[in-house]
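Report on one structure; see the data block that follows.
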Amino acid sequence: MALSGETYGMRQYTDTKYGFSFWYPSALHITVSSARDVKSFPGGVVVETLQVGEPDGPAMHVVNSPKSTITDEPDGHAAPIAQTRYFYDPSARQWMVAYPEGKPDGTSGATAPADISKKTIGGLPMLPSDARFDTTIIPLSTTRFIVVQDGGGSAFTNELAQTIAPAGASVDPSARSAALQAEAAAYKKQ
């Protein structure tokens with residue numbers, strides 16, 4: 001049985017500027033760059049990117065959206081991937097999902113409540129995406145998102161996304177241990 005303090009070769013990174021933390025393989029380095037990208041995720045502005053390891057590995061994009069909306073693919077993106085748009089509905093007090101180009105299965109896909117059943121160890125919803133490669137959208141608040149994705153060269157992107165928490169959040173030690181163990185196992189498969 002593992003000790004609750006075991007990190008399985010993972011190291012915690014805290015982004016104090018934008019208020020979140022995550023765990024990553026300690027053998028990799030984090031490269032942080034500021035941005036002002038208004039095209040990659042329509043509805044929001046990428047203000048920071050954190051690259052975990054090499055350029056084709058996982059990256060976390062901090063996206064600010066004063067209108068509480070984000071789209072997972074840029075306008076004019078490559079077919080046949082359909083866009084998924086998430087937005088917060090203040091009157092319903094919930095995340096909603098819409099498909100501006102229709103659902104990936106070809107149906108119209110009416111606006112509906114988003115599936116928020118999958119959560120990070122910090123209790124944040126992990127919104128699914130059909131974007132190319134591995135992409136997960138994590139609302140840090142109603143106006144700030146963390147988009148976790150890779151360029152096709154990572155086996156642990158989804159596990160890394162699972163470790164995101166608001167800075168200073170209390171995380172259940174057994175949930176953290178399980179998430180770190182899963183991330184370490186996925187990383188070893190690369």
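The values are calculated or read from the model by the stated rules, or taken from the named source; none is laboratory data. Because the structure is predicted, anything quoted here is derived from the model rather than measured. Please note: Cβ atoms are built from the backbone with ideal geometry, for glycine as well, and neighbour counts cover all protein chains shown. Areas reflect the complete protein model, heavy atoms only, side chains present, ligands, DNA and RNA absent. Shrake-Rupley method; radii C 1.70, N 1.55, O 1.52, S 1.80 Å.
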Across region 10-53, what is the number of residues that are touching a Lys or Arg at 6+ places or on another chain (Cβ under 7 Å) and at positive phi? 1
Kindly indicate which of 75, 89 is modelled with pLDDT under 85, of a type outside the set (A, V, I, L, M) and over 15 Å from the mean Cα position of the chain (by Cα). 75
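Okay, residues lined up against (1) among the hydroxyl-bearing types (Ser, Thr, Tyr); (2) in contact with a Gly (Cβ under 6 Å, 6 or more places away or on another chain):
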site: 11; (1), (2): no, no
site: 38; (1), (2): no, no
site: 56; (1), (2): no, yes
site: 60; (1), (2): no, no
site: 65; (1), (2): yes, yes
site: 68; (1), (2): yes, no
Based on this model, can you work out whether residue 130 counts as touching a Ser or Thr at 6+ places or on another chain (Cβ under 8 Å) and either in contact (Cβ under 8 Å) with a residue 24 or more places away in the chain or not polar (S, T, N, Q) (or both)? yes
State yes or no: is residue 125 over 9 Å from the mean Cα position of the chain (by Cα) and open to solvent by 50 Å² or more (accessible area, probe 1.4 Å)? no
Selection within region 8-29 - assigned to a strand (DSSP E or B) and open to solvent by 40 Å² or more (accessible area, probe 1.4 Å): 11, 12, 13, 14
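Given the criteria over 23 Å from residue 163 (Cα atoms), open to solvent by less than 70 Å² (accessible area, probe 1.4 Å), touching a residue at least 24 places away in the same chain (Cβ under 8 Å) and not aliphatic (A, V, I, L, M), does residue 43 qualify?
On the way: over 23 Å from residue 163 (Cα atoms): yes; open to solvent by less than 70 Å² (accessible area, probe 1.4 Å): yes; touching a residue at least 24 places away in the same chain (Cβ under 8 Å): yes; not aliphatic (A, V, I, L, M): yes.
Yes, satisfied.
Collect the residues in region 46-60 that are open to solvent by 30 Å² or more (accessible area, probe 1.4 Å) and modelled with pLDDT of 95 or more, keeping them in residue-number order.
Across region 46-60, the qualifying residue is only 51.
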State whether the residues of region 99-108 include one that is within 22 Å of residue 18 (Cα to Cα) and either open to solvent by less than 10 Å² (accessible area, probe 1.4 Å) or among the aromatic types (Phe, Trp, Tyr) (or both). no
